[in-house]
Amino acid sequence: MNAATQLNSPVPLDVAEDSSSLPAWIYHDPGFFELEKRAIFRTSWQLVCHLNDVPRPGDFHSFEFLGESVIVLRGEDGEVRSFHNVCRHRAARLLDGPKGHCGRRITCPYHAWTYALDGRLVGVPNRESFSRLDPERHGLAPLELEVFMGFIFVRFEPGLPSVREMAAPYAGELASYRMEELVPQGRVTLRPRAVNWKNIADNYSDGLHINVAHPGLTRLFGRGYGIEAQPWIDKMWGQLREIPSSNWSERLYQHLLPRVEHLPPERQRLWTYFKLWPNVAFDIYPDQIDFMQFLPISPTETLIREIAYVHPDARREMRAARYLNWRINRRVNLEDKALIERVQAGMASSSYTVGPLGDGEVCLLSFGRRMRSLIPESRLLRAPARGLSRE
């Protein structure tokens, strides 16, 4: 019996849901991780790339997620589509690498089955030997795709609202950034973290630790860091202060950050962070927009997938500001790495079940409510007994 069917127990209301964190055991339990794959990630929207990452017919980006390989591909008709990166003959992977250009056709390296850019099966060697083959039924397997403000999302199964609906509370704010016009800066990077994915998601939306553990952000924002939660999306923000920082990178960033013509005055020096359920985040700065995903690998391993997008701007001040932004946030990332590793270690302690949450920890409370609604076992203080089928 596999782990995905082994969690079974009566599910009493063991915790005060509006004042407690999620229980520690779900941050390292293999059986619970299997439930998450089905109940959360099969229906979740995952960001693959931006439309400007695949500008020409034949351009593709790939995405690896929980054993699935996906490609986003620009067709000869200009449309962008998403398919499983799997040949319909014997399941060989079709395209290699995180991105590339496949020309006008996709040819399987195993048996040379060939597909058009719209997914149609157009070539089968020894076709006469496949007497029962129906080419129309054996094109590439598609995935549901949504383009939101230029970014391309896919999902494996229906279930959640659209990305547009999930992000609707902040559509007006996001529109200010003209995200459809962004272009990639650099490449996608992957940063491994020896922690559960929820640990990273919790930390991203945690406002209380900013003034404790991020001295650089405190120098930049003072104590004016805000957080709020909507049903499917969290928002965090800080306004750059005019008081020069004592740190040279931060001080120079404050001084050099140029005006961005398409942004309204109140956003010229605003840093805003959005986290879309369950594991996609956007760091929105005047000078650039970074996206992050917390990709679960195992109960205690996660890959942070990220890349920066920018509006083309040749000004020296803007180039310098983007470099300084990277320096500042590299330090923040290292600080967060140390924090989440401390938490992950503590989640294994027999002394810890759940922790009290303050009324102002609205993002963590919202995340907990969503988890408990999707996976009722999230309401148990301890892992349930094993060996019984969950039916």
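Looking across region 73-94, the residues that are in a strand (DSSP E or B), over 16 Å from Val124 (Cα atoms) and open to solvent by 30 Å² or more (accessible area, probe 1.4 Å) come down to Arg74, Arg81, His84, Arg93.
Among the residues that make up region 163-176, is at least one of them of a type in the set (S, T, N, Q) and at pLDDT 95 or above? Talk me through it step by step, then tell me what you get.
Just the residues of region 163-176 that are of a type in the set (S, T, N, Q), to begin with: 176.
The next check asks that each one be at pLDDT 95 or above; those that pass are 176.
There is at least one residue in region 163-176 that is of a type in the set (S, T, N, Q) and at pLDDT 95 or above.
Residues that are in contact (Cβ under 8 Å) with a residue 40 or more places away in the chain and surrounded by fewer than 22 Cβ atoms within 10 Å (Cβ to Cβ) within region 38-47 comprise Ala39, Ile40, Phe41, Arg42, Thr43, Ser44, listed in sequence order. If you take the residues of region 297-352 that are open to solvent by 30 Å² or more (accessible area, probe 1.4 Å) and hydroxyl-bearing (Ser, Thr, Tyr), which of them is nearest to Leu182 (Cα to Cα)? Among them, the one singled out is Tyr323.
Within region 245-257, not a single residue is closer than 28 Å to Val362 by Cβ, touching a residue at least 24 places away in the same chain (Cβ under 8 Å) and not in a helix (DSSP H, G or I).
Can you pull out the residues in region 225-250 that are out of contact with any helix residue (DSSP H, G or I) (no Cβ under 7 Å at 6 or more places or on another chain) and not aromatic (Phe, Trp, Tyr)? Walk me through it before giving the result.
First pass over region 225-250, keeping only residues out of contact with any helix residue (DSSP H, G or I) (no Cβ under 7 Å at 6 or more places or on another chain): 226, 231, 236-237, 242-243, 248.
Correct list: Gly226, Pro231, Met236, Glu242, Ile243.
Considering only region 220-230, I want to know if a residue exists there that is open to solvent by 10 Å² or more (accessible area, probe 1.4 Å) and hydroxyl-bearing (Ser, Thr, Tyr). Yes, that holds for at least one residue. In summary, Arg382 fulfils each of the numbered conditions (1) in a helix (DSSP H, G or I); (2) in contact (Cβ under 8 Å) with a residue 24 or more places away in the chain; (3) open to solvent by 40 Å² or more (accessible area, probe 1.4 Å) with the single exception of condition (1). Restricting region 95-152 to residues that are assigned to a loop (DSSP other than H, G, I, E, B), modelled with pLDDT of 95 or more and aromatic (Phe, Trp, Tyr) leaves a set whose member that is least open to solvent (accessible area, probe 1.4 Å) is Trp113. Within region 231-242, the residues that satisfy the criterion of being closer than 28 Å to Val362 by Cβ and open to solvent by 20 Å² or more (accessible area, probe 1.4 Å) are Pro231, Trp232, Lys235, Trp237, Gln239, Arg241. Residues in region 186-199 that are open to solvent by 10 Å² or more (accessible area, probe 1.4 Å) and not hydroxyl-bearing (Ser, Thr, Tyr) were compared, and the one that is modelled with the lowest pLDDT is Gly186.
Pairing each residue of region 51-72 that is more than 25 Å from Glu181 (Cβ to Cβ) and open to solvent by 20 Å² or more (accessible area, probe 1.4 Å) with any residue that is of a type outside the set (A, V, I, L, M, F, W, C) and assigned to a helix (DSSP H, G or I), provided the two are 6+ apart or on different chains, yields C-beta distances under 9 Å for Leu66/Lys37; Gly67/Lys37.
The values are calculated or read from the model by the stated rules, or taken from the named source; none is laboratory data. Just so it is clear, the structure is predicted and the values come from calculations on it, not from any experiment. All Cβ positions, glycine included, derive from the backbone under ideal geometry; neighbour counts span all protein chains shown. To get the accessible areas, we keep the full protein, side chains included, count just its heavy atoms, and leave off ligands, DNA and RNA. Shrake-Rupley method; radii C 1.70, N 1.55, O 1.52, S 1.80 Å.
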